[in-house]
Number of protein chains: 2
Amino acid sequence: MTTADSFALLAPWLITMAPVGELRRDHAVVVRGERIEAILPAHELATRYPAIATLNLPDQVLLPGLINMHTHSAMTLLRGLADDLPLMTWLHEHIWPAEQRWMGHEYVSDGVRLACLEYLRGGITCFNDSYFFPDVAAEVTRAAGMRAVMGAPVINFPTPWAADMDGYFSRAMELHEQCRNDALIEMSFAPHAPYSVSDAAFVRMRDLAAQHDLRIHLHLLETAGEIADSVGEFGMPPLQRLQQLGLLNEQLIAVHMTAINDADIELLAETGVHVVHCPESNLKLASGFCPVWKLQQAGVNVAVGTDGAASNNDLDLLGELRTATLLAKGVSGDPQAVPAASALAMITINAAQALNMADRIGSIEPGKQADFCSIDLSDPDTQPVHEIFSHLVYATSRQQVRNVWVAGQQLLRDRQPLRLDIDQINQASSKWQQRIGAARA
Amino acid sequence: MTTADSFALLAPWLITMAPVGELRRDHAVVVRGERIEAILPAHELATRYPAIATLNLPDQVLLPGLINMHTHSAMTLLRGLADDLPLMTWLHEHIWPAEQRWMGHEYVSDGVRLACLEYLRGGITCFNDSYFFPDVAAEVTRAAGMRAVMGAPVINFPTPWAADMDGYFSRAMELHEQCRNDALIEMSFAPHAPYSVSDAAFVRMRDLAAQHDLRIHLHLLETAGEIADSVGEFGMPPLQRLQQLGLLNEQLIAVHMTAINDADIELLAETGVHVVHCPESNLKLASGFCPVWKLQQAGVNVAVGTDGAASNNDLDLLGELRTATLLAKGVSGDPQAVPAASALAMITINAAQALNMADRIGSIEPGKQADFCSIDLSDPDTQPVHEIFSHLVYATSRQQVRNVWVAGQQLLRDRQPLRLDIDQINQASSKWQQRIGAARA
């Protein structure tokens, strides 16, 4: 175990998310090694922990580390490469050609490192990734000290990561082996989408996921067009096909879900499928609206992700949550939909549940991992302070994140990353800007 | 004339908005006094202006100062006071009682000063305000060195600003007199909404606006409910009533406009009414969706505003533009709707046109006022840099605004305000936090 000494964090506001909506004034959180040991009123700290090293967080809210539930981290290098285009033009004419040209160890390594820097400075401690070379992404993330679930890609066609279906599965199980005893990195299956993955592959990963207790992280029903295509090719809509294949259960993390009706929502609630909402990517590509409030009212667990920077174009989860919350009100026609405190659950405890990690992360409770971020409300842009949850969801920007810890290790201090080298990351970004630019010219 | 000496600004990227979408690499903008004198390639500066003081803006985009087209600046003190509520509950049970209690010189003065700080640090050089005590707001804004159009309120019921309709009009004309020779502050009429302003008052302001060449800044069709109410009370929908009253022309700035059909859009296009879109406020209050792309395609001039911080809850115009652009794609179902370069027009040149100030502001052209902001793209969150317009609209945050000038005067330097005192403003915000909090407890 990599331990820091024990320490205590003292904050004027503590949001535990246990239960959702709980706000404690002037509390201390005591950390021992990688875990939370205790939560107590500030005035009891000196008596109960007389010798403990204490870090004061004036004007700051301490809350669970944020969890970004859908990412393609390496794609950060393609940020803003092609915008204002339909999904298929964007994919076929811009993103896939660029990936075909650049995909490999150096591209993934530099891209994930840039993404980790953006995540950390935005309060994100854990991300759920789906991309090629997850082994390289895992290595970079480990070095950054962050937590992640790396999705092993599965797709019907050959890529630099694997030549055929057997190749995808053998590389996935190698990744599983590598992550087995890793404290911070887990693996999942990341089949691309129902239209690009065969029945045989779905069945195979279903069995492996059940055997090894793994999540399946899938783009699903991003656009209405997928339904007609699936009926044409498989004789039924994607959701019904997945149901027949035995994929609809609490191991499935279904991303996007804009094209769903009330019967689908009922099916999702019954089967325990987790939904990840990526509002800014869906809006930008005009993919449709995920009915977040209906899903939540039906009892479906909904979390939020930024998607990759090529379609968003940032990895700002706090901003994404704001869009998700505002859009949920607009789409449902109900200004009381997804109120602020419960909104925050979508990037903390709901996300942890979706990842099957709620026993370890997503809330601040004794025994859980010490994953936190602190957000400074002293900025004039968040003055005056009448309501904390409203401020966090509707007014705060990620630039107000001051400190971040993962498993008891501080990774960001007063906005400075402690393990990542900004100059080196900027140099790598410049190199890719030149390379990608030259290839397009 | 308050003149700075002549100076030149040198930037790697210059966005003039003349025409929309123009991007010049490595150019200099020469300022003399309050105006732009010349724009020239950087390498010609030394020959043509050998002795000029030059400020280098490395890694920065220089663009026209941003124009926030719908604000209630003083309401910044109510930021986050009440959220997740229906419009009428929010107004009647929270906002109006707070305003009734606190409205006056000190409240407006402190609130506007806090708003000006937030505007400036977000690249906003000009705002179009609608609130009580616009004379006080004008005084604070003048001292801050900013540009604004102050709306003189007109509403059917008595307030601390005026006791009756004659009072509203006499105070409006006093404000007009005060702003007459002001280089930075103009006035407009700001009738609250069709449901709270009488026919007689509309006719009176129509005539005064025509006589003095003034804009009329009106909340219009914020919700579908207004239509039925207007039919009940006036025998016709609000837009038709305003048409009959002679209000539909290019002097009208119509804010919100979520409840409009294709015939309405045609009428707006024919009459030259300007539309101001406030997407985040509309989403948060679940008011409906303004059909921005349809309006633009019909030839209606559309600008963007943040609305007040009590319903948004920030005054982040760059963020508001991002929401506007993404939402326009989602609502129209067209990912090519409102592409990035034209999006930027909604907070610069379109806004200037709406205010009848396009001869002075909204673009960077010789002879126009020297109102600029510069945005630093060296932040890792906007690396790599493939496309400037995409970055500004989809990836940049207002915290990357580094410098701001209004009428040739620098008001923000490396994010530090030069005329506003942050400590003093924070103290005032704390005072109001205590006061408002104590009254609610």
Going through the range B:291-300 in order, the residues found to be away from chain A (no Cβ under 11 Å) and assigned to a helix (DSSP H, G or I) are B:Val292, B:Lys294, B:Leu295, B:Gln296, B:Gln297
Consider A:Ala74 carefully, then state whether it is over 22 Å from the mean Cα position of the chain (by Cα), within 14 Å of another protein chain (Cβ to nearest Cβ) and either assigned to a helix (DSSP H, G or I) or acidic (Asp, Glu) (or both).
no
Any hit, the range B:24-32, residues being out of contact with any strand residue (DSSP E or B) (no Cβ under 6 Å at 6 or more places or on another chain), over 30 Å from B:Asp379 (Cβ atoms), surrounded by 14 or more Cβ atoms within 10 Å (Cβ to Cβ) and more than 14 Å from chain A (Cβ to nearest Cβ):
yes
Going by what's in this entry, would B:Asp264 be described as among the acidic types (Asp, Glu) and either in contact with a Lys or Arg (Cβ under 9 Å, 6 or more places away or on another chain) or in contact (Cβ under 8 Å) with a residue 60 or more places away in the chain (or both)?
no
Condition first: at pLDDT below 95, polar (S, T, N, Q) and in the same structural domain as B:Ala345 (by TED's automatic domain parsing). Can you find one or more residues in the range B:238-261 that meet it?
no
Can you run down the residue pairs with Cβ atoms below 8 Å, 6 or more apart or on separate chains, where the first is in the range A:89-116 and more than 14 Å from chain B (Cβ to nearest Cβ) and under 23 Å from A:Val149 (Cβ atoms) and the partner is of a type in the set (D, E, K, R) and in a helix (DSSP H, G or I)?
A:Ser109/A:Glu139
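Residues are listed down the side, and each one gets a yes or a no for (1) touching a helix residue (DSSP H, G or I) at 6+ places or on another chain (Cβ under 9 Å); (2) over 24 Å from B:Ala303 (Cα atoms):
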| residue | (1), (2) |
| --- | --- |
| B:Thr47 | no, yes |
| B:Ser73 | yes, no |
| B:His94 | yes, yes |
| B:His105 | yes, yes |
| B:Asp110 | yes, yes |
| B:Leu117 | yes, no |
Go through A:Ser378, A:Ser397, A:Ser390, A:Ser363 for me and flag whichever is in contact with a strand residue (DSSP E or B) (Cβ under 9 Å, 6 or more places away or on another chain), assigned by TED's automatic domain parsing to the domain that holds A:Glu37 and small (Gly, Ala, Ser).
A:Ser378
Only one of these conditions is not met by A:Ile67: (1) out of contact with any helix residue (DSSP H, G or I) (no Cβ under 6 Å at 6 or more places or on another chain); (2) touching a residue at least 40 places away in the same chain (Cβ under 8 Å). Which number is it?
(1)
Considering only the range B:169-194, state which residues are polar (S, T, N, Q) and either more than 19 Å from B:Gln211 (Cα to Cα) or in a loop (DSSP other than H, G, I, E, B) (or both).
B:Asn181
Enumeration of residues in the range B:316-325 that are facing chain A (nearest Cβ under 8 Å) and either in contact (Cβ under 8 Å) with a residue 60 or more places away in the chain or surrounded by fewer than 24 Cβ atoms within 10 Å (Cβ to Cβ) (or both)
B:Asp316, B:Gly319
Inside the range B:249-290, can you point out the residues that are under 15 Å from B:Glu226 (Cβ atoms), part of a loop (DSSP other than H, G, I, E, B) and away from chain A (no Cβ under 14 Å)?
B:Met257, B:Ile260, B:Asn261
Pair list, Cβ < 7 Å and 6+ apart or interchain, from the range A:129-156 residues that are part of a helix (DSSP H, G or I) to residues that are surrounded by fewer than 24 Cβ atoms within 10 Å (Cβ to Cβ) and of a type in the set (Gly, Ala, Ser)
A:Val136/A:Ser109; A:Val140/A:Ser109
Residue check, B:Gln100 against (1) modelled with pLDDT of 95 or more; (2) farther than 29 Å from A:Ser342 by Cα, all met but one. Which one?
(1)
Please specify each residue of the range B:238-248 satisfying the condition of being out of contact with any Gly (no Cβ under 9 Å at 6 or more places or on another chain) and within 23 Å of B:Gly305 (Cβ to Cβ).
B:Pro238, B:Leu239, B:Leu242, B:Leu247
Just one of the numbered conditions (1) touching a Gly at 6+ places or on another chain (Cβ under 8 Å); (2) surrounded by fewer than 24 Cβ atoms within 10 Å (Cβ to Cβ) is not true of B:His391; which one?
(2)
Against the definition (surrounded by 21 or more Cβ atoms within 10 Å (Cβ to Cβ) and outside any loop (DSSP other than H, G, I, E, B)), how does B:Ala303 come out, yes or no?
yes
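Answer yes if at least one residue in the range A:306-314 is more than 8 Å from every other protein chain (Cβ to nearest Cβ) and modelled with pLDDT under 95, and no otherwise.
yes
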What do you reckon, is A:Ser397 polar (S, T, N, Q), in contact with a helix residue (DSSP H, G or I) (Cβ under 7 Å, 6 or more places away or on another chain) and either at negative phi or buried (at least 20 other Cβ atoms within 10 Å of the Cβ) (or both)?
yes
If you scan the range B:213-235, which residues turn out to be touching a helix residue (DSSP H, G or I) at 6+ places or on another chain (Cβ under 9 Å), among the hydrophobic types (A, V, I, L, M, F, W, C), under 28 Å from B:Ser332 (Cα atoms) and not in a helix (DSSP H, G or I)?
B:Leu218, B:Leu220, B:Leu221
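The values are calculated or read from the model by the stated rules, or taken from the named source; none is laboratory data. The structure displayed is predicted, hence computed values, not measured ones. All Cβ positions, glycine included, derive from the backbone under ideal geometry; neighbour counts span all protein chains shown.
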